[in-house]
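What follows is a set of notes on a single structure, which appears directly below.
The values are calculated or read from the model by the stated rules, or taken from the named source; none is laboratory data. Just so it is clear, the model here is predicted, and its values are computed rather than measured. Here the Cβ positions follow ideal geometry from the backbone for every residue, glycine too, while neighbour counts run over all protein chains shown. Remember, those area values only see protein heavy atoms, side chains included, never the ligands or the DNA or RNA. Shrake-Rupley method; radii C 1.70, N 1.55, O 1.52, S 1.80 Å.
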Amino acid sequence: MKLTLIFLFSLTLSSSLAQNAIGIFSSHQDIGNPQLAGDAIYDSEEQEYRLSGSGYNIWFERDEFHFLYNKLEGDFILTANFDFEGEGVDPHRKVGWMVRASEAEDDVHCSAALHGDGLTAMQWRQQQGASMQNTASELHAPKPHYQILQLERKGKTLIFRAAHPGEPLQHIGSQSLENLPDKVLGGLFICSHQPEVIEKARIWNVRIDHPVDNNYNPGEAGWLGCRLETLDVFSGKRKIVYESGDRFEAPNWMPDGQKLLFNSKGLLYTIPVKGGTPQQLNTGFANRNNNDHGISFDGKLLAISHHREGMPGGGSTVYVLPLEGGAPQLITEETPSYWHGWAPNNEEVVYVAQRNGSSTYNIYKNSISGGQEVALTDNKPGEHVDGCEYSPDGKYIYYNGSQSGTMQIWRMKPDGSDKEQITFDEYNDWFPHISPDGKWIAFISFPPDIEFNSHPSYKRVMLRLMPTSGGAPRVIAYLYGGQGTINVPSWSPDSKHLSFVSNSGKQ
């Protein structure tokens, strides 16, 4: 997918005529000829949508509402945050996601809806012209006032999940719609439930993802489209900085706070946080760089992991070079070695590596001035560690490890002593990143049903946040991604934002 410019504008609509694109959506219009015309506005600076619409209802044998949508084909995942504007008139006003067979007012559809009184429900019409008056034809969420709604299509089945801010997505229910065609209309809707009333809603973090099968092989079938995003970790607000049909991964935030650094096709690139054209960073002979790279605490040096030809385990080797670019300096002669963290003294690095012919990874540290590497873990076969990173005060090295039987977040003293598990849940938690102010740990959580020592691409994952002082993690982002999303330190210098990569899917 090519990077597109998105314009802010508001259009007055007739009751049935679809107009120009709004944000990521190609069309918007009133369905069912409601008494008052609706509208759709996109704020490109905030990357938010505002919908307004009337309509008697979405029920019985016909519907009236305003619809902002794309033509979609195959499987997809629709996710966004929703909030009504104002007190509203009718408690049954509704906003949410809809998948629909056509623009016809009586056609097959399924919706994931938040109502004005907080009711969150999945509703559907099985065939064109059929009535929805049977109250059994809906699924109610167990709790009210969900803000995050997700509607996934998998074949003929629609799956509804929802969450309150900070919570994991909860499975609300699913429904098979045999009469839903492969090519459908999918998007955002609003209905006032009162013909003479206009209701409004704000919608943000809007994402349309196209998942792949679990056995998808990107090496054979091609990599998925990527988005480079930033996230306000306290509000949960996300912004897309850059999009591409090519693979790129693992952003670092540059020390000036104005640019991001990421890897793509073996090279490193910088891009302004507000978007723009990526610029290649000079890494000399190192042109086979992977997604393990990062910047020293003093902002002067860059560590990279470059693959050397003909070396054991793929040849990943840790090097250091000036942040502005230059000739890389070899740090790890033995391979494979994957960099993950700098010491606050800017003189040592920590990395994961396989040694002495073993297939088990352990954590090592070494001086960038040379010397003997020091092993900090001694894992048994079948155990795995990764993502080692110093806290800014130098008191701990945080990492992910599977010693407990699932992949969890751990920490230890810099000499490898006093290993301590700090997350305890059903998810597989990877890549802890400590905020520059030392107060927060951000990490990625994979679903419980994946192999616990793996961190695959193209999964429904979460980014989560917890205090370094202890406490329960909370979700700060729901996305389609995994490997390459947040492998390396990616906090902004002010400890308020993260950068990460999500996958949009095959377009």
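Which numbered condition trips up residue 460, out of (1) under 24 Å from residue 151 (Cα atoms); (2) surrounded by 24 or more Cβ atoms within 10 Å (Cβ to Cβ)? Of (1) under 24 Å from residue 151 (Cα atoms); (2) surrounded by 24 or more Cβ atoms within 10 Å (Cβ to Cβ), only one is false for residue 460: (2). Go through (1) surrounded by fewer than 16 Cβ atoms within 10 Å (Cβ to Cβ); (2) of a type outside the set (Gly, Ala, Ser); (3) closer than 30 Å to residue 428 by Cα for residue 195 and report which single condition fails. With (1) surrounded by fewer than 16 Cβ atoms within 10 Å (Cβ to Cβ); (2) of a type outside the set (Gly, Ala, Ser); (3) closer than 30 Å to residue 428 by Cα applied to residue 195, the lone miss is (3). For residue 119, state whether it is modelled with pLDDT of 95 or more, open to solvent by less than 40 Å² (accessible area, probe 1.4 Å) and touching a strand residue (DSSP E or B) at 6+ places or on another chain (Cβ under 9 Å). So residue 119 does not fit the description; no. Return a yes/no flag: does the range 336-349 have any residue that is among the polar types (S, T, N, Q) and free of Cβ contacts under 8 Å to residues at least 24 places away in the same chain. Within the range 336-349 (the criterion being among the polar types (S, T, N, Q) and free of Cβ contacts under 8 Å to residues at least 24 places away in the same chain), the answer is no, since none of the residues qualifies. Within the range 485-502, the set of residues being open to solvent by less than 10 Å² (accessible area, probe 1.4 Å) and either more than 11 Å from the chain's Cα centre (by Cα) or under 14 Å from residue 234 (Cβ atoms) (or both) comprises 487, 488, 490, 492, 495, 498. Within the range 448-507, the set of residues being under 17 Å from residue 407 (Cα atoms) and not in a loop (DSSP other than H, G, I, E, B) comprises 459, 460, 461, 462, 463, 464, 465, 466. Residue check: is residue 52 closer than 30 Å to residue 479 by Cβ and open to solvent by 30 Å² or more (accessible area, probe 1.4 Å)? The answer is no for residue 52.
Any residue at all in the range 408-423 that is under 24 Å from residue 490 (Cβ atoms) and of a type in the set (Lys, Arg)? Within the range 408-423 (the criterion being under 24 Å from residue 490 (Cβ atoms) and of a type in the set (Lys, Arg)), the answer is yes, since at least one residue qualifies. Among the strands (runs of 3 or more DSSP E) confined to the range 208-279, the ones with at least 1 residues that are surrounded by 20 or more Cβ atoms within 10 Å (Cβ to Cβ), in contact (Cβ under 8 Å) with a residue 24 or more places away in the chain and charged (D, E, K, R) are located at 225-232, 238-244, 249-253. For the range 141-159, the tally of residues that are part of a strand (DSSP E or B), under 17 Å from residue 125 (Cα atoms) and touching a Ser or Thr at 6+ places or on another chain (Cβ under 7 Å) stands at 3.
Of the residues making up the range 421-446, those that are surrounded by 14 or more Cβ atoms within 10 Å (Cβ to Cβ) and assigned to a loop (DSSP other than H, G, I, E, B) are 422, 423, 425, 427, 435, 436, 438.
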